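The values are calculated or read from the model by the stated rules, or taken from the named source; none is laboratory data. Because the structure is a prediction, the values reported are computed rather than measured. Cβ atoms come from the backbone with ideal geometry, glycine included; neighbour counts cover every protein chain shown. SASA here: full protein model, heavy atoms, side chains in, ligands and nucleic acids out. Shrake-Rupley method; radii C 1.70, N 1.55, O 1.52, S 1.80 Å.
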Amino acid sequence: MKKMIIHSVPIVVSFTGLEIFCHTLNPIMVRGPEFLKFYVIMLLGFYISAFCLKLFRENRSTVSLYFMLFIFILGVVKLIRGLSIDRPVGVLISILVAEIIVFMMFMSTDFKHKIKPKNTH
């Protein structure tokens, strides 16, 4: 439960900022620069919360994975929308590529811990 609360804080903060500054809760309809501000705040907040969990000596969990996937899927949906209306999406593509790299590192360290042989001595 603690992990879910810690990870939901950046999402609540970014959606609150979206409501205050753009007067909407629909990030897909927000124009480019405002969406990028919202998205970067959400991403940085998530990774800061993941770092905080590491400071509390908590393990990574499926909750972290689900939040990562939620943020990534939101970016992909906005990318598809931007491409469909012929908007420049280069910065968003760069952010999504960086997310994929971080996700792969996240999964590789998780996978290494699962296959690590245990000492029987």
*Those residues that are touching a helix residue (DSSP H, G or I) at 6+ places or on another chain (Cβ under 8 Å), β-branched (Val, Ile, Thr) and over 22 Å from Leu25 (Cβ atoms), I need them from the stretch 62-88; list them, please.*
Val63
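Given the structure, is Leu53 closer than 19 Å to Val102 by Cα, modelled with pLDDT of 90 or more and not basic (Lys, Arg)? Outline the logic, then answer.
Numbers: closer than 19 Å to Val102 by Cα: yes; modelled with pLDDT of 90 or more: no; not basic (Lys, Arg): yes.
Answer is no for this residue.
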*asked:* I'm checking my understanding of the structure. Among residues of the stretch 61-77 that are under 14 Å from the mean Cα position of the chain (by Cα) and not hydrophobic (A, V, I, L, M, F, W, C), which one is nearest to Ile6 (Cα to Cα)?
replied: Ser64
*In the stretch 1-105, which helices (runs of 4 or more DSSP H) lie fully inside it and hold 3 or more residues that are open to solvent by 40 Å² or more (accessible area, probe 1.4 Å) and aromatic (Phe, Trp, Tyr)?*
62-84
*Out of all the residues in the stretch 20-35, which are within 19 Å of Val77 (Cβ to Cβ) and out of contact with any Lys or Arg (no Cβ under 9 Å at 6 or more places or on another chain)?*
Thr24, Leu25, Asn26, Pro33, Glu34
